[in-house]
Amino acid sequence: MKTKPILCPQRLRQMPRQFSWIDQRLVRDRHIRGRTPQALALYLFLCTVADSQGLSYYSDATAAGTLGFGGGELRAARAELVAARLIAYGSPFYQVLSLEPAGAAVARAPEPRLGEELSVGEILRSMMEAK
């Protein structure tokens, strides 16, 4: 096994007291493939500010301002992450979701987002895609 050199020992990363992490499977299992830079920036932001259950609540104005987004960019990035099953959203709450295993076929109906109902069409489409 190769020994990796520490390039900057005075800046060695330490686990912070507050809770925050990004799962390596995000890259390894290609969950980030095809995501827009805006969606990835929002995901990084949410991972950073979430509590141990993945929950956070930032107003659209605060999140957009922090990321330098317009309101439409924030809504589009959020919709992309919800569709990719990386987050759940129910205004004003966000939840960073656990990552599904690579290549896992979703044989169940999509999970409703907080405060939203699924149409019969969405449920049937999900069932047909799982076959």
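Could you look through the stretch 33-43, keep only residues that are part of a loop (DSSP other than H, G, I, E, B) and not small (G, A, S), and pick out the one that is modelled with the lowest pLDDT?
R33
Could you list all residues from the stretch 33-48 that are of a type in the set (K, R) and surrounded by fewer than 13 Cβ atoms within 10 Å (Cβ to Cβ)?
Looking only at the stretch 33-48, we keep the residues that are of a type in the set (K, R), and these are 33, 35.
Listed by number, the list holds a single entry, R33.
Output the strands (runs of 3 or more DSSP E) that fall wholly within the stretch 48-102 and possess 1 or more residues being under 10 Å from the mean Cα position of the chain (by Cα), or say none.
Correct list: 87-90, 93-96.
Filter the stretch 49-65 down to the residues that are surrounded by fewer than 14 Cβ atoms within 10 Å (Cβ to Cβ) and among the polar types (S, T, N, Q) and list them by number.
S52, Q53, S59, T62
Given the criterion exposed (fewer than 13 other Cβ atoms within 10 Å of the Cβ), out of contact with any strand residue (DSSP E or B) (no Cβ under 6 Å at 6 or more places or on another chain) and in contact (Cβ under 8 Å) with a residue 24 or more places away in the chain, identify the matching residue among R85, R30.
So the residue among R85, R30 that is exposed (fewer than 13 other Cβ atoms within 10 Å of the Cβ), out of contact with any strand residue (DSSP E or B) (no Cβ under 6 Å at 6 or more places or on another chain) and in contact (Cβ under 8 Å) with a residue 24 or more places away in the chain is R30.
Residue-by-condition table, conditions (1) at pLDDT 90 or above; (2) small (G, A, S); (3) over 15 Å from the mean Cα position of the chain (by Cα):
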residue	(1), (2), (3)
K4	no, no, yes
L7	no, no, yes
Q14	no, no, yes
R17	no, no, yes
S20	no, yes, no
H31	yes, no, no
F45	yes, no, no
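The values are calculated or read from the model by the stated rules, or taken from the named source; none is laboratory data. On a predicted model such as this, the values are computed, not experimentally measured, just so you know. Positions of Cβ are backbone-derived with ideal geometry, glycine not excepted, and every protein chain shown enters the neighbour counts.
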